[in-house]
2 protein chains.
Amino acid sequence: MIHKLIIIGSGPAGLTAGIYAARAELQPLIIEGKKPGGQLMGTSYIENWPGVSRILGPDLMMHMQEHAKELGCSFVSSNIARVDFSTKPFKLWTQREQEYQAQAIIIATGATPNLLGCPGEQQYWGKGVTTCAVCDGALYKDKRVIILGGGDTALEDASFMTKFTNKITMVHIKDELTGSKVMQKRVLDNPNINIIYQSTIININGDGNHVTEVTLQNQQTKEETTLETDAVFIAIGLRPQTEIFKGQIALDQWGYIKLTDQTKTSVPGVFAAGDVADFRYRQAITSAGVGCMAALDAERYLAALE
Amino acid sequence: MIHKLIIIGSGPAGLTAGIYAARAELQPLIIEGKKPGGQLMGTSYIENWPGVSRILGPDLMMHMQEHAKELGCSFVSSNIARVDFSTKPFKLWTQREQEYQAQAIIIATGATPNLLGCPGEQQYWGKGVTTCAVCDGALYKDKRVIILGGGDTALEDASFMTKFTNKITMVHIKDELTGSKVMQKRVLDNPNINIIYQSTIININGDGNHVTEVTLQNQQTKEETTLETDAVFIAIGLRPQTEIFKGQIALDQWGYIKLTDQTKTSVPGVFAAGDVADFRYRQAITSAGVGCMAALDAERYLAALE
């Protein structure tokens, strides 16, 4: 069986693409993966989905999934292990070597924030530990926050947090910041941002409900100290989920999918949307918007094939 | 008083920009105009807002407006009559010459579909009369539909509707189609699309609840005929709302705002989002997504000014 459209991924980009594709009678198959729903599944309340003051991230994703199902999207819960985009129809194989074929593909596999892997990180995920200052910054007005990292994202997060609080500490593993000079200067000039160099977080502690402090370790002296905080923003990079697409479509030096003309990858008929091609905005609503664009572009591509 | 950010327009793009800008502490002023809410205010039920199976367009916009207000957006209900983007801060004047100043601007004034102006058009708006096949096409499965127009949008709408029904009639005022050759061929080759040339609709009739027929007039013979139909898709172009920006920022030949690097206009500090810069997707979710991008871009622009 050759599908008209297969969508890989089931976050806001993949599900919105599915909703639009189903309404355009493309009978999309959504390969949602073994952990469906994307990054919002690991969040608590979100307050920036337009029109909804406050909703649990997993609830929003459940609504989108139900919407996609009602409209006739099919779902497969496997992960894709490899693809062949060099011949048509395009071919995809799951980890168990189940083969799928499609005339058009939308990649919406997202990106995964790099994590510390230290004790407490998972326990307090969404309870003070977060990877998105734009999303969660407003929750920490006049609170103590730690930004972990020293690159552009960490510098932007620190700068962004100065709107809300003057109790900001950056914790960076190196002995100098690594982001752009402009951003470095903005952070270094700001008296409300304290920077602890050559250190990392080895433990995130809390009261059971929320983060209360972290244990820092100096990388040279191995000395350990504790620091009270209300939030830990982990800003040590993201990995776009593009391993299986290497050699098949053009990626940039960080592994993000290169797009032209909004949603088109380097292979005609293969489109992409969401964080897998976006390191700049990374919001549910931007991913949903671009997911819609990818579906409409795929629809036009398929109409031209007929 | 100099505002950090003024947003002109209050459809999905403007309000989502407001929601994100308010959360980033930019205290945005939204100039919502005398007819707030954008094109969705003229719709009935919509079924393609991700996560919501079915909602009245005006209700969705009311939720977004409430969300923006809760987060601290200010609203002004005037229309802007002229702007000066040549000096900083940027200046805007209402029709009554009230002046506003801002360090950054997001233009989200939308586009207005060209209408016929014939009897019945307003009465049956959202009750069979529509301007968006992608939005409303699925409502007319196996129904009779008329597409008014002969350019690319009309051809795309006709082609799109073949997914749902084989009772499609195009009504075009000229004696030949005017869209791209590829699209023309696709439509002309399709036996399910009938084309009536040199004609227009002079009356839209219904049973009080919904469209039932139209009166056509041949432009040469002036002969009038009636044609039964369940829907009239008006596809005779859109006017982006950019009159007041002429000479201030770069527009394309059709009057749409030219964007680079996602949301940037030709004037640094002036951003745009939604249908005012998008003739291709024109969906609430795409406008909302780009509205968010514009707010994040404006936030970064303002942070760099400090």
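The values are calculated or read from the model by the stated rules, or taken from the named source; none is laboratory data. Predicted, not measured: the structure shown is a model, and the values here were computed from it. Cβ placement follows ideal geometry from the backbone for every residue including glycine, while neighbour counts extend to all protein chains displayed. In case anyone asks, the SASA skips ligands and DNA or RNA and just uses the protein heavy atoms, side chains included. Shrake-Rupley method; radii C 1.70, N 1.55, O 1.52, S 1.80 Å.
How much of the accessible area of region B:129-234, in percent, comes from carbon and sulfur atoms when a 1.4 Å probe is used?
Answer for region B:129-234 is 44 percent, counting heavy atoms of protein chains only.
Of all DSSP beta bridges in chain B, what percent run antiparallel (nearest 5)?
45 percent
Counting DSSP beta bridges in region B:1-94, what percent are antiparallel, to the nearest 5?
50 percent
What is the distance, in nm, between label points placed 7 Å from the Cα along the Cα-to-Cβ direction at B:Lys174 and at B:Lys69?
4.7 nm
Which positions within region B:132-151 get 20 Å² or more of their accessible surface covered by the other protein chains, compared to the chain by itself, with a 1.4 angstrom probe?
Hits at the 20 Å² cut-off: B:Val134, B:Ala138, B:Lys141.
Hey, if we sort A:Arg186, B:Arg96 by accessible area with the 1.4 Å probe, largest down, what's the order?
Output order, biggest surface exposure first: B:Arg96, A:Arg186.
About its Cα centre, how strong a charge dipole does region A:129-234 have in debye, to the nearest 20, once Lys and Arg get +1 and Asp and Glu get -1 at the Cβ?
300 debye
So what's the gap between the Cα centers of region A:152-206 and region B:171-249, to the nearest angstrom?
Region A:152-206 and region B:171-249 have Cα centres spaced 59 Å from each other.
Could you give the angle, 0 to 90 degrees to the nearest 10, between helix B:12-23's Cα long axis and the longest principal axis of the Cα atoms of chain B?
Helix B:12-23 sits roughly 20 degrees off the main axis of chain B.
Roughly what angle does helix A:57-70 make with the longest principal axis of chain A, taking Cα atoms, 0 to 90 degrees, to the nearest 10?
Helix A:57-70 sits at roughly 0 degrees to that axis.
Taking the rotation axis that maps chain A onto chain B, which residue of A brings its Cβ closest to that axis, and at what distance in whole Å?
For the rotation taking chain A to chain B, the closest Cβ gives A:Gly289, 1.
Between copies, how far does the label point of B:Gln98 sit from its twins, in nm, shortest first, when each point is 7 Å from Cα along Cα→Cβ?
Listed shortest first, these distances are 6.0 nm.
Along the positive direction of the dipole of region B:103-169 (beta-carbon charges: Lys, Arg +1; Asp, Glu -1; about the Cα centre), which of B:Thr109, B:Gln122, B:Thr153 reaches farthest?
The Cα lying farthest towards the positive end belongs to B:Gln122.
If a/c stays under 1.5 just call it rounded; otherwise compare a/b with b/c (prolate if a/b is bigger, oblate if not). Do that for region B:129-234, with a ≥ b ≥ c from the square roots of the Cα gyration tensor eigenvalues.
Judged from the Cα gyration tensor, region B:129-234 comes out oblate (a/c at least 1.5, b/c at or above a/b).
Under 10 Å, Cα contacts only: if you run a Gaussian network model on chain A, which one of A:Gly51, A:Gly120, A:Gly274 comes out with the highest mean-square fluctuation?
Maximum among the listed residues: A:Gly51.
About the Cα centre of the protein assembly as shown, what is the dipole size in debye to 20, counting +1 per Lys and Arg Cβ and -1 per Asp and Glu Cβ, all else neutral?
580 debye
In region A:18-58, what residues drop by 30 Å² or more in accessible surface going from the chain by itself to the full protein assembly, probe 1.4 Å?
A:Tyr20, A:Arg23, A:Ala24, A:Glu25, A:Glu47, A:Asn48, A:Trp49, A:Pro50, A:Gly51, A:Ser53
Straight-line reach from B:Lys127: which lysines have a Cα under 22 Å away, not including same-chain ones fewer than 8 places off?
Excluding near neighbours in sequence, the set is B:Lys35, B:Lys141, B:Lys143, B:Lys163, B:Lys167.
Using the alpha-carbon atoms, what tilt in degrees (0 to 90, nearest 10) does helix A:284-305 show relative to the longest principal axis of chain A?
20 degrees
Could you tell me which residue out of A:Thr200, A:Gln220, A:Leu188 lies farthest along the dipole of region A:129-234 toward its positive end? Charges go on the beta carbon: Lys and Arg +1, Asp and Glu -1, centred on the Cα centre.
Of A:Thr200, A:Gln220, A:Leu188, it is A:Leu188.
Run lengths n ≥ 4 of DSSP H only: what is the helix-derived mean residue ellipticity at 222 nm for chain A, with -39500 (n - 2.57) per run over all residues, to the nearest 500?
Calculated from helices alone, the mean residue ellipticity at 222 nm is -7000 deg cm²/dmol.
Take the Cα atoms of region A:1-131, find their three principal axes, and give me the spread along each one in whole Å, biggest first.
Dimensions of region A:1-131 along the principal axes of its Cα atoms: 47, 35, 19 Å.
Rounded to the nearest 5, what % of DSSP beta bridges with both residues in the protein assembly as shown are antiparallel?
45 percent
Ranked from the most accessible area to the least, with a 1.4 Å probe and all protein chains present, what is the order of B:Val182, A:Val171?
Sorted descending by solvent-accessible area, the residues read B:Val182, A:Val171.
If I take the Cα coordinates of region B:158-207 and project them onto the principal axes, what are the three extents in Å, biggest first?
So the three principal-axis extents are 36, 26, 14 Å.
Residues of region B:129-234: accessible area per residue at 1.4 Å, in Å²?
Solvent-accessible surface per residue comes out at 45 Å².
Return the unpartnered cysteines for the protein assembly as shown, using a Cβ-Cβ cut-off of under 4.7 Å.
Those would be A:Cys73, A:Cys118, A:Cys292, B:Cys73, B:Cys118, B:Cys292, since no other cysteine Cβ in the protein assembly as shown comes under 4.7 Å of theirs.
Going by amide H atoms built from the backbone, whose H comes under 5 Å of the H on A:Ser266, apart from near neighbours?
When sequence neighbours closer than 5 places are left aside, the close amide H contacts are A:Ala250.
Highest GNM mean-square fluctuation, chain B, Cα pairs closer than 10 Å: which of B:Pro89, B:Pro12, B:Pro28?
B:Pro89
Once Rh is set to the Kirkwood radius over Cα pairs, what Stokes-Einstein translational diffusion coefficient, in µm²/s, holds for chain B at a temperature of 37 °C and a viscosity of 0.692 mPa s?
In µm²/s, the coefficient is 160.
What are the label-to-label distances in nm, one decimal and shortest first, from B:Thr87 to the same spot in the other copies, with labels 7 Å along Cα to Cβ?
So the label point of B:Thr87 gives 6.8 nm to the other copies.
Say R0 is 35 Å: what FRET efficiency, to the nearest 0.05, do A:Ser78 and B:Lys185 get from their beta-carbon distance?
Plugging the Cβ-Cβ distance into 1/(1 + (r/R0)^6) gives 0.30.
How are the Cα pair distances of the protein assembly as shown distributed, in percent, across 10 Å bins from 0?
Percent of Cα pairs in each bin: 3, 16, 25, 25, 18, 8, 3, 1, 0, 0.
When chain B is treated as a GNM, springs tying every alpha-carbon pair under 10 Å, which of B:Thr225, B:Thr16, B:Thr178 comes out with the largest mean-square fluctuation?
B:Thr225
Leaving ligands, DNA and RNA out of it, rank A:Arg282, B:Arg82 by accessible area with a 1.4 Å probe, largest first.
B:Arg82, A:Arg282
Heavy atoms of the protein only, probe of 1.4 Å, neighbouring chains included. What is the accessible area of A:Ser180 in Å², nearest 10?
50 Å²
Which value, in square angstrom to the nearest 100, describes the accessible area buried between chains A and B on both sides, using a 1.4 angstrom probe?
4400 Å²
Can you send over the solvent-accessible area of A:Phe160, 1.4 Å probe, protein chains only, in Å² to the nearest 10?
Probe radius 1.4 Å; accessible area of A:Phe160 about 10 Å².
Where the label is 7 Å out from Cα toward Cβ, how close does B:Lys143 come to the same position in every other copy, in nm, shortest first?
When each copy's label point is compared with this one, the spacings are 4.9 nm.
Over region B:259-298, what lengths in whole Å, largest first, do the semi-axes of the equivalent ellipsoid take, defined as the square roots of 5 times the eigenvalues of the alpha-carbon gyration tensor?
That gives 17, 11, 6 Å for the three semi-axes.
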